[in-house]
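Peer 1: For reference, the structure I am asking about is given below.
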Amino acid sequence: MAADFPDDELVARTVAGESAAFEELVRRHLGSTFGLARRLTGTESEAEDVTQEVFTRLWLKAPAWRPGAARLTTWLYRVTANLAVDAWRRRGPAAVELDPEDPAVGTVAAAEEALEADQEQARLGAAVAALPERQRTAVTLTYTSGLSNAEAAAVMEVSVKAFEALLVRAKRELRRRLADGGAPEVSRTGGAGAGGDSA
Amino acid sequence: MNVEDFQDLLDAYGPDLNAWQDGEREVAERLLEDSPEARRRLASAWELEARLHVALLPAPVPPGLREAVLQVPRRHPRASRPPAWGWGMRLAWGGSFGAVLASGVLGFVLGAGLLSPGDDPLESVDVVALVYGAEEDLP
């Protein structure tokens, strides 16, 4: 049964032509890949494009996979984050789809029509969306993908200390914005005056 | 450790002190005993943690995406593609050309005297990389 195999084995079986192995990889990782892409791009349509591209690359590059060299999820999340950030840069956050049903990407305008609790969540979602790019990626990997600091640092190809510094700066900025209560200002570079984004 | 140090650790490691390293946790627990402000920061960190988890819940997969992804092998049949990945395919497709090129490279290296005593010889992996190129982003 494909469901019993580890990722490395499924990749090898995918290369060998077992369609069930690729289907199992999709079943296992589609949700987390799309979830990360959705949070990082801000739009469902772009997240779908990113997700399809990630699995296309997985399919095409599977023959080069070296079992044991890294976790497949690290590679999947890294490619997802890179593609999503590229999409964000190309389009800019101004065109983010506004879904009032989704507090994670809600805006202040949407939140004004919601209950108070939803307003708070909407402001937090908007504040996260307004973080500088790498801080936003760090927060999203932690809270959407549920990665440990070490795992997320590997995805972002930075040291654990550098990743934790991104988290510290991100949360400091989130607290400041939530305390201010104002709408975050976003820019194409993802910067919101949060004091830098380097890791 | 002062309150600001404690805040940085809360932001970096999260508010669950059980997940911290022993030494830092013990120092933090002593600070919490003495500092009402530290206790307030810890409570606030738990609140932000909970709110971030809710705000950033993974989005549900839209209908149709799974089927579209499952069509990837059909849309991109590997057998008809040029040998972009994998040593096996590269050797199979480009072995002859690679052998000629490798001979040329080796001849150049020997001719230039780079393998004379005292010099670092080229690693075999370097020659291979010269001939076939380096792998991309897969480990």
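Taken together, the values in this text are just the output of simple stated rules run on the coordinates, not laboratory data. This structure is a prediction, so every number in the text was calculated from the model and none was measured. Cβ coordinates were reconstructed from backbone atoms using ideal geometry, including for glycine residues, and neighbour counts include every protein chain displayed.
Peer 1: With a point put 7 Å past each Cα toward its Cβ, work out how far A:Ala179 is from B:Glu4 in nm, to one decimal.
Peer 2: It is 1.3 nm.
Peer 1: First check a/c for the stretch B:3-55, with a ≥ b ≥ c the square roots of the eigenvalues of its C-alpha gyration tensor; if it is under 1.5, answer rounded, and if not, answer prolate when a/b is larger than b/c or oblate otherwise.
Peer 2: oblate
Peer 1: Just counting partner chain Cβ atoms within 10 Å, what average do the residues of peptide A:122-130 show around their Cβ? Working shown, then result.
Peer 2: Numbers: counts 1, 2, 6, 5, 1, 1, 3, 0, 0.
Per-residue shielding by partner chains comes out at 2.
Peer 1: How high is the relative contact order of the stretch A:1-97? Use alpha-carbon pairs under 8 Å, at least six apart in sequence, and give a whole percent. Walk me through the numbers on the way to the answer.
Peer 2: Values: 86 pairs, mean separation 31.9, N = 97.
After rounding, I find 33 percent.
Peer 1: What are the equivalent ellipsoid semi-axes of the stretch A:1-97, built from the alpha-carbon gyration tensor (square roots of five times its eigenvalues), in whole angstrom, biggest first? Walk me through the numbers before you get to the answer.
Peer 2: Working: eigenvalues 149, 31, 21 Å².
Semi-axes from the Cα gyration tensor: 27, 12, 10 Å.
Peer 1: Percent relative contact order of the stretch B:3-55, based on C-alpha pairs within less than 8 angstrom and at least six residues apart? Can you show the working numbers first?
Peer 2: Details: 24 pairs, mean separation 24.5, N = 53.
Once normalised by length, the contact order is 46 percent.
Peer 1: Describe numerically, in nm with one decimal, the distance between label points set 7 Å from Cα along Cα→Cβ at A:Ser19 and at B:Gln71.
Peer 2: Going by the 7 Å Cα→Cβ label model, 1.4 nm.
Peer 1: Assuming R0 = 56 Å, what is the FRET efficiency of A:Ser45 and B:Ser44, from their Cβ-Cβ distance, to the nearest 0.05?
Peer 2: Details: r = 37 Å, r/R0 = 0.65.
So the FRET efficiency works out to roughly 0.95.
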